[in-house]
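Each remark here refers to the structure printed beneath this line.
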Amino acid sequence: MGKKEEIDEICERYLNRREERQRVAECVDRCLRKGYDYDQLKDRLGDCVSDSHKASKLISAFSSSISQFKKKSKFTEGNRDKERDRKDEKKEKESDRRDKENKMDDDGMGIDKQEVKRIAQEMLAKKAKQEIDRKSRVVTEDELREKELRYKAQQEILDAKLRLNIPAVPLSAAQKEQLAKLQPKDRSAALDPAEALTYMNLSMNKKSRMEELKAKLAKTSVALSKLPAASAMAAAKVEAALAPPPAKKEKKEEIVAEEKKEETEFVDPRLILKSASRGRRAIVFHEKGEFEQIANKQRAKAKLEKLQQEISKAAKQTGISSAVKLAMVTPAGTSKVEMIPPIEWWDQVVIEADDYDNLPTEEDASRYDSTISDLIEHPIKLQPPNESLQPHYLRVYLTTKERKKIRRQNRKETLKEKQEKIRLGLEKPPEPKVKLSNLMRVLGNDAIQDPTKMEAHVRKQMMERQKKHEKENEERKLTKEQKAAKKTKKLSEDVSLGVHVAVYRMKSLVHPAKRFKVEMNAKQLQMTGAVLMHKDMCVVVVEGGPKQQKFYKNLLLQRVKWEEEIIGEKKAAVDKDQPGERNKCELIWEGIVKKRAFRDLRVHTATIEKQAREILEKHGVANYWDMAYSTAILLEGQNSLEV
C-alpha cells in the first residue's frame, strides 16, 4: 500500500465530509513533498481541521504510519544536531586547508618535500659523524683527573649538606642560567667505555706506585735510624725529597673550599641548624650530696610557706591584718599643729587690743554706755541654705465628682455663649447632627422620598465628624522634640540647693547584664558619678536629685537579683545550691553635698587599691573609696573572728 492510499484510508476513518477529507489529504501530501516534520504537520492540520479533537487524532495516526512525521525525542534531536555541527566543522576545516594550499601555490612559497628530506638526511649524517669522532677521540690523563676532582668535590658538597641538614632551596632564574653555563652542553663530560678503561688503568698504576713508594720509605727509615745523630739533618732532607708533592691535594682543597663557599653563600649564619645525627656527649657524674642539698632546700621552702600561712591565719583571727590594711588605706596626716594666737579674733573685736594683758577694768563704765543697754537685740532671720526662695504650696487635687461638675459648668457656659452669637446673627446655625439611628426622626419626609440619598448624606456627615475629631487629636499630639523635652523635664531635678549622693558597694560587676543595668539606668536618669571596678570589690558613686536617687536605690537593692550570681561567672546560677561565693550589693552612704563632683557617669577599671583611690581623688571625693574599702576590711576581719 502506497503513502497516498494510507493517507486516504486515515482521512476516511476519522472524517465524514468529503470536502474536508480532500482538503486534509492535499495538505498532508504537500507536507510530504516539502519534507515537513511532526511540528510543521501539526501546525498545517490545525489550520485545515476546525475540530481540535479530530485534528489531534489525525496527527497521531499520520505520525504512527508515516516515518517522516514521527515525533522526535530530545535525545535524537540533540545527537542529530551534534552530528550536523561536526560535519559542518569538518567541511570548514577542509575548505580552509585547500584555500591555504592554493594561496601558498599562488604566492610561490610552497615547500619542496624533496628539499626537506635532503636537509633531514644531512642532519642525521652530521650527528652520526660527531658520535664516531667522540668515540674515537683519545682521552688524556689530565682530562680524566679533572673529571675525577670535579666528581669528588660534588660528593663532598652533598655530604656537607646532609651533615648540616640544609633543605633543598629552589633556584632562581639567574642561578639556573649560571648552572646551565657551567654544565657541559653535550655528553662528552660523561665517561664513555674507553675513558673508563683508561681511568681504571691509571688508578691501578697509581696504586702500584704508591705501594712501591711506601716500601722505599720503610727501607730508608730503617737505614736512617742506624745512622749517627750528626746525619739527622741529612736524613730529614732525604725524607722530604722522597715525600710525594702535595700540590694536587692543595689544589683539590681549594676547589672544594670554593664550592662550599658558593653553596653556603645564601645561608644565614645566624640560624642555628641542628645536625641530622645526635652529637657525642660525655659522661657526667653527679657529686656526692648534690641531690640531698636540693631536697633540703625544698623542705625548707615548704616549711616557710606553712609558717607564713599560720601567721596570716593568726593575724586574721586577732584582727592585725585588718589593722594593717586600714593603716595602708588611711592617708598620711598632712595637717600641721597651728600656733596658739596671742588673742582670739572674736575677743579682739570687743577688747580692741592685740593681747589679753591690757584688759579693761570694771570702773571704766563710760566705755559701754553706747553698746550695752537693757534692751534685747533680735538678729535678722536668715534664709536656710537648703530651702528655695520661692514658697512651695501643696497641690490641691479635686475629686472625680468635682471635676465632672466643673467640666459640665464650663460646657454649659460655652454653649450659652454660642447660642447668643447665633441669635445675634454673628454665626451660622450648625447643621443638625444626623445619625443612622435618628435619620427618620430628623429628616422626616425627605428620608421617605429618597432614602438612599439621605443615607449617603448622613454617612458623609459622620465621616466629616470623624475626620475632624482625628485632626484635632493629631494637632494636640506632641512632636518628637516636645516629647524629648517633656521627658527631660520630668527626669531632671533642681539640684541648685543641694546634690543627693549615694555610694554603693558590690563584690563583682563581671556579669554583663547587671553591669549594663547599673550604667544605663544612671545615664537615663541623668545622674552623674563613677563606677570603679576592682578585683576585690566594685564601688558605684551616683549624684542626682531625690527622685532619681529613690528610683536608683530601688533598682540596685530590690530589683536586681545579685544573690543569683556567682562571683567570677558571666551567667546567672541555675541551681540555688550551686557552690561558690554569691554576689552582694550594699548601700555604704547617702547624703547631700553642695555641688556635683562629676560631669557624667564613667566606668573605670583599677588593678590596685591606690589606683582606685587616685581616680576619685582627682574629683576630690577620695573619702568615698576610703569609706567603702575600710568597711569591707572590717567586715572581712569580723567574719574571720566569728569563724
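Every number here is computed from the coordinates shown, using simple stated rules; none is lab data. Fair warning: this is a prediction, and the values are worked out from it, not measured in the lab. So basically every Cβ, Gly included, is an ideal-geometry build from the backbone, and we count neighbours across all protein chains shown.
Here are the numbers for the structure shown:
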quantity	calculated
Computed over region 30-70: relative contact order in percent, which uses C-alpha pairs under 8 Å that are six or more apart	50 percent
Spherically averaged projected area in nm², based on the convex hull that wraps the Cα atoms of region 497-642	9.1 nm²
Evaluated at q = 0.11 Å⁻¹: base-10 log I(q)/I(0), Debye formula over Cα of region 400-477	-0.49
Three-way shape label, region 3-71, alpha-carbon gyration tensor, a/c 1.5	rounded
Karplus 3J(HN,Hα) series, Hz, for region 34-51 with 6.51 cos²θ - 1.76 cosθ + 1.60 (x for Gly, Pro)	7, x, 6, 9, 5, 5, 5, 4, 4, 5, 5, 5, x, 6, 7, 9, 7, 7
Unsatisfied cross-links (Cα-Cα over 27 Å) in the set Lys412/Lys453; Lys514/Lys535; Lys486/Lys547	Lys412/Lys453
Relative contact order %, region 400-477, counting alpha carbon pairs below 8 Å whose residues are six or more apart	20 percent
Distance (nanometres) between label positions extended 7 Å along Cα→Cβ at Lys460 and Ala276	10.8 nm
Kirkwood Rh, angstrom, region 485-569 [1 / mean 1/r, Cα pairs]	13.7 Å
Centre separation in Å (Cα based) which lies between region 499-553 and region 397-425	52 Å
Filter on Lys507/Lys553; Lys127/Lys152; Lys490/Lys553 - keep pairs with C-alpha separation over 21 Å	Lys127/Lys152
Rounded, prolate or oblate (a/c below 1.5 giving rounded, otherwise prolate when a/b exceeds b/c) for region 448-516 by Cα gyration tensor	prolate
Antiparallel content of DSSP bridges confined to region 497-642, in %, to 5	80 percent
Fewest-first ranking of His457, His534, His286, using other Cβ atoms within 10 Å as the exposure measure	His286, His457, His534
Residues Ser67, Ser56 arranged by fewest to most Cβ contacts within 10 Å	Ser67, Ser56
Computed magnitude of the charge dipole of region 497-642 (debye, nearest 20; Cβ of K, R +1, Cβ of D, E -1)	780 debye
Computed magnitude of the charge dipole of region 400-477 (debye, nearest 20; Cβ of K, R +1, Cβ of D, E -1)	600 debye
